[in-house]
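Visitor: Below you will find the structure I want to go over with you.
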Amino acid sequence: MTSQSAMSRKAADRDLIPIALVIAVQFIAVVYFLYDAVREEAGVPAMLDLLVGLALFAGIAFGALAIQRLRAEAHRREEVLAIARGALGELMHKRFAEWKLSRGEAEVALFALKGCSIAEIAAMRGSSAGTVRSQLSQVYTKAEVTGQPMLMSLFLDDLLDEPARLAD
């Protein structure tokens, strides 16, 4: 598990604390209504307490099942996202190798794919804007694109479904 997914799992566990408190209060209410129903004489008030207690208990059970399903779905989506991240990384390395990018060009291309401006890339790499412009120009030439949006679209196109599937 990556540190990012571990942190998101801890955050999700912290989010469960208020839910657990609400369930605990509901459970106390169930016990109260059922105890009250048993203690009272048979009649409408006792039946009403019994029905309210059973309804609260059913609500707790259905709520707990829904939370469990939502957590399982969130975990599954987290795994799919991790796979997609890995696929994108592999795709980028493959394309960079096909284009025969130098280490510096690959670094600049990665920052460009992340949406960074030339000034931001230059600052992060400790180089001049002219050097970054030159490296980006080489990247665009090797990738046969005219700019950053087209470079990004190359990777998005590879990750998206085929157009025929979208028409279905």
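The values are calculated or read from the model by the stated rules, or taken from the named source; none is laboratory data. Just so it is clear, the structure is predicted and the values come from calculations on it, not from any experiment. We place every Cβ from the backbone using ideal geometry, glycine too, and count neighbours over all the protein chains shown.
Visitor: Being of a type in the set (S, T, N, Q) and out of contact with any helix residue (DSSP H, G or I) (no Cβ under 8 Å at 6 or more places or on another chain) is true for just one of SER153, SER128. Which residue is that?
Guide: Every option except SER153 fails the conditions.
Visitor: Identify all residues within the stretch 7-59 that are under 21 Å from ALA74 (Cα atoms) and in contact with an Asp or Glu (Cβ under 9 Å, 6 or more places away or on another chain); write none if there are none.
Guide: Within the stretch 7-59, SER8, ARG9 qualify.
Visitor: Give all pairs with beta carbons closer than 9 Å in which a residue from the stretch 95-107 that is on the phi > 0 side of the Ramachandran plot and of a type in the set (D, E, K, R) meets a residue that is in a helix (DSSP H, G or I) and surrounded by fewer than 19 Cβ atoms within 10 Å (Cβ to Cβ); count only pairs at least 6 apart in sequence or on separate chains.
Guide: Within 9 Å, the pairs are LYS100/LYS142.
Visitor: Can you work out which of the residues in the stretch 21-49 that are loosely packed, with under 14 Cβ neighbours inside 10 Å and of a type in the set (Phe, Trp, Tyr) is farthest from PHE62 (Cα to Cα)? Give the steps one after another, and end with the answer.
Guide: Of the residues in the stretch 21-49, the ones loosely packed, with under 14 Cβ neighbours inside 10 Å are 21-22, 24-25, 27-28, 31, 35, 38-39, 41-45, 47.
From what's left, of a type in the set (Phe, Trp, Tyr): 27, 35.
Numbers: PHE27: 13, TYR35: 22 Å.
Among them, the one singled out is TYR35.
Visitor: For the stretch 66-106, which residues satisfy the criterion of being closer than 18 Å to GLU144 by Cα, charged (D, E, K, R) and surrounded by 13 or more Cβ atoms within 10 Å (Cβ to Cβ)?
Guide: ARG95, GLU105
Visitor: Separate question: At least 3 residues that are among the basic types (Lys, Arg), within 30 Å of the chain's Cα centre (by Cα) and at pLDDT 80 or above in each: list the helices (runs of 4 or more DSSP H) lying fully within the stretch 1-115 that qualify.
Guide: Output list reads 44-98.
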